[in-house]
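Chemist: Can you keep this structure in mind? I'll have questions shortly.
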Amino acid sequence: MEERGTGLGFLHEKIKPNIVTVSADKLFNWSRLSSLWMLFFGIACCGIEGMAAGAPRLDFDRYGIIPRATPRQADFIVVAGPVVKKMVPVLKVLWAQMPEPKYAISMGSCAITGGWSRDSYNVVRGAHKVIPIDVHVPGCHPRPEGLLYGILLLQEKIRQESYTKYNPKLALNGNGNSPGKSPIIVPEDVTIDQIVDKAESME
């Protein structure tokens, strides 16, 4: 029986590093960033802000962001709220079930550092200690605009990646094709105008 690895199948076998790969990367990256399926792991009050981001005022759908209730079809996960030690195995299982390439967003002070309860015996000081994080959305509470802006920054990151050269082993440090690169940090107090400008600049 043929031995199969953790790669991306026919892409690694059929597409070699040549001039065609550049065009293929642009096509695949455009299709991926234009249809991101989101797994929302809303733990505490930050989850309400995430729900507001999907409401009519900001409306995830117009940016191609579709919420999914299962990790098996999700492109990225949003961790919103403090991660306690009891949740660590669950979060690891969800992350393991997501297909490659996959990404993670840490939303709110509690998800980034543990927040106001960081000194508690049962709170993990940041989701990055459990799974690799690509984008941090700071604030307590973070604004819905901040989450949407963070997803736009994630789309920008996907646009710059090489899908055909994606290495799942490098993804273990949360940076896909860019090992050693720090996560993206969203500025606080993001406005609607900034979101519109960012979306228009990516067209």
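Values quoted throughout were computed directly from the atomic coordinates according to the rules given, and no laboratory measurement underlies them. For clarity, every value in this text was computed on a predicted model and none was experimentally measured. Virtual Cβ from ideal backbone geometry, glycine too; neighbours counted across all protein chains shown.
Chemist: In whole percent, what relative contact order does the range 90-155 give with Cα contacts below 8 Å and a gap of six or more residues?
Modeler: Relative CO of the range 90-155 lands at 34 percent.
Chemist: How do 200, 156 rank when sorted from fewest to most other Cβ atoms within 10 Å of their own Cβ?
Modeler: Listed from fewest to most nearby Cβ atoms, that is 200, 156.
Chemist: Placing unit charges on C-beta atoms (Lys and Arg positive, Asp and Glu negative, everything else neutral), compute the dipole magnitude of the range 38-201 about its Cα centre in debye, rounded to 20.
Modeler: For this selection, approximately 820 debye.
Chemist: May I pose another question? What fraction of the DSSP beta bridges in the range 38-201 is antiparallel, stated in percent and rounded to the nearest 5?
Modeler: The antiparallel fraction comes to roughly 5 percent.
Chemist: Sticking with this one: In this model, which of 85/198; 92/198; 129/157; 102/198; 26/102 are farther than 26 Å apart at the alpha-carbon?
Modeler: 85/198; 92/198
Chemist: Ratio of the range 75-171's C-alpha Rg to 2.2 N^0.38 Å, to two decimals?
Modeler: 1.11
Chemist: Shifting gears a bit: In Å and whole numbers, how far do the C-alpha atoms of the range 38-201 stretch along each principal axis, longest first?
Modeler: 45, 36, 29
Chemist: Could you give the length gained by full extension between residue 185 and residue 45, i.e. 0.36 nm per residue of separation minus their alpha carbon distance, to one decimal place?
Modeler: Net length gain for the segment: 48.4 nm.
Chemist: Could you list which residues have their amide H under 5 Å from that of residue 184, counting only those 5 or more apart in sequence or on another chain, with H placed in the peptide plane?
Modeler: So residue 184 has HN proximity to 135, 136.
Chemist: Output the relative contact order of the range 38-201, whole-number percent, from Cα pairs under 8 angstrom with separation of 6+ residues.
Modeler: 21
Chemist: For the peptides 114-127, 69-82, what is the packing order when you average, over each peptide's residues, the other Cβ atoms within 10 Å and list the highest mean first?
Modeler: For the peptides 114-127, 69-82, the packing ranking is 69-82, 114-127.
Chemist: Just subtract the alpha-carbon distance of residue 196 and residue 26 from 0.36 nm times their residue separation and send over the number in nm, one decimal.
Modeler: 58.9 nm
Chemist: For the pair residue 84 and residue 156, what calculated FRET efficiency results from E = 1/(1 + (r/R0)^6), where r is the Cβ-Cβ distance and R0 = 22 Å, to the nearest 0.05?
Modeler: 0.10
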